[in-house]
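Asker: If you scroll down you'll find the structure; I have some questions about it.
None of the figures in this text is laboratory data; all of them are computed from the coordinates on show. Because the structure is a prediction, the values reported are computed rather than measured. Here the Cβ positions follow ideal geometry from the backbone for every residue, glycine too, while neighbour counts run over all protein chains shown.
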């Protein structure tokens, strides 16, 4: 079952406010000497401009046939080589070790358990060439923001027709988000995200045999500090 199918028709509008990550991942891809892989490629929001900027193939993996269809259309319209594969990131397997694997837009937060995350990190580490990089971003959980958002329907960022309702479950480190089209209560679409702390991310990096290259507080490479609200990680497989 394609659990992300309900978001296919609104995904471009839903993700439109996030633009600053694209140059960050483009820069990493331009530095990569070898295959490049995007996990949770979705509609190709990042994968298409990355392939466009570097002028070579990007492998995009996603478990949603609906999202892959959108990515295929976007790649064709842009005239880029985006090799799209349906698959689960927990079962990542490549024919050739990658120079860069990246997972944008907080997509690792869709993994519910430590075992799921560990499996992904171990598969990524096994799929990287020596010196290869793994990059991803995720929000920093802020209880003050959670209190303001919990149980309240509000417009989704800058959208004029999308609404979202968030329910926080601290007992499970989980946020349940319901998206509505038009106004609250109309055409609900649901997703769940599980947040992680800095030490949990560091544990995953360590247990998979990767090493931290950088941790930024935003895509402009600003230092990560007490005010940061985004983890932007770059890990490296030892050479």
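Asker: Between region 30-75 and region 77-108, what's the alpha-carbon centroid distance in Å?
Answerer: Here the answer is 6 Å between Cα centres.
Asker: Now for a separate question. What is the extension gain from residue 154 to residue 86, computed as 0.36 nm multiplied by their sequence separation minus the C-alpha to C-alpha distance, in nm to one decimal? Don't skip to the answer; put the middle values down first.
Answerer: Working: separation 68, 0.36 × 68 = 24.48 nm, distance 3.33 nm.
Between residue 154 and residue 86, full extension yields an extra 21.1 nm.
Asker: From the Cα gyration tensor of region 25-135, with a ≥ b ≥ c the square roots of its eigenvalues, which class applies: rounded if a/c is under 1.5, or else prolate if a/b is larger than b/c, or else oblate? Don't skip to the answer; put the middle values down first.
Answerer: Working: a/c = 1.88, a/b = 1.20, b/c = 1.56.
Oblate, because a/c is 1.5 or more while a/b does not exceed b/c.
Asker: Of the peptides 31-38, 166-173, 85-92, how do they stack up when ordered by the mean number of other Cβ atoms within 10 Å, highest first?
Answerer: The peptides rank, most packed first, as 31-38, 85-92, 166-173.
Asker: Quote the FRET efficiency, to the nearest 0.05, computed for residue 176 versus residue 221 with a Förster distance R0 of 30 Å and r equal to the Cβ-Cβ distance. Walk me through the numbers on the way to the answer.
Answerer: Working: r = 32 Å, r/R0 = 1.08.
Once the sixth-power term is evaluated, E becomes 0.40.
Asker: I've got another one for you. What spacing in nm lies between the two simple spin-label points modelled at residue 183 and residue 126, each 7 Å away from Cα in the Cβ direction?
Answerer: Distance between the two pseudo-spin positions: 5.3 nm.
Asker: Modelled label-to-label distance, residue 57 and residue 19, 7 Å Cα→beta-carbon offset: nm?
Answerer: 3.2 nm
Asker: Turning to a different aspect of this structure: Could you check the simple spin-label distance between residue 190 and residue 69, using points 7 Å along Cα→Cβ, in nm with one decimal?
Answerer: With each label placed 7 Å out from Cα toward Cβ, I get 2.3 nm.
Asker: Indicate the gyration tensor shape class of region 194-238 (rounded, prolate or oblate), computed on the Cα atoms with a ≥ b ≥ c the square roots of the eigenvalues: a/c under 1.5 is rounded; otherwise a/b larger than b/c is prolate and the rest oblate.
Answerer: oblate
Asker: Based solely on its DSSP helices, what 222 nm [θ] is calculated for the chain when runs of n ≥ 4 H residues each add -39,500 (n - 2.57) and the sum is averaged over all residues, nearest 500 deg cm²/dmol?
Answerer: Values: 7 runs with 68 residues, N = 239.
After summing the helix terms and dividing by residue count, I get -8500 deg cm²/dmol.
Asker: Can you give the relative contact order of the chain as a percent, counting alpha carbon pairs under 8 Å and 6+ residues apart?
Answerer: It rounds to 17 percent for the chain.
Asker: Also, I was wondering about something else. For the residues 59, 10, what sequence is obtained by ranking on other C-beta atoms within 10 Å, fewest first?
Answerer: By the 10 Å Cβ count, ascending: 10, 59.
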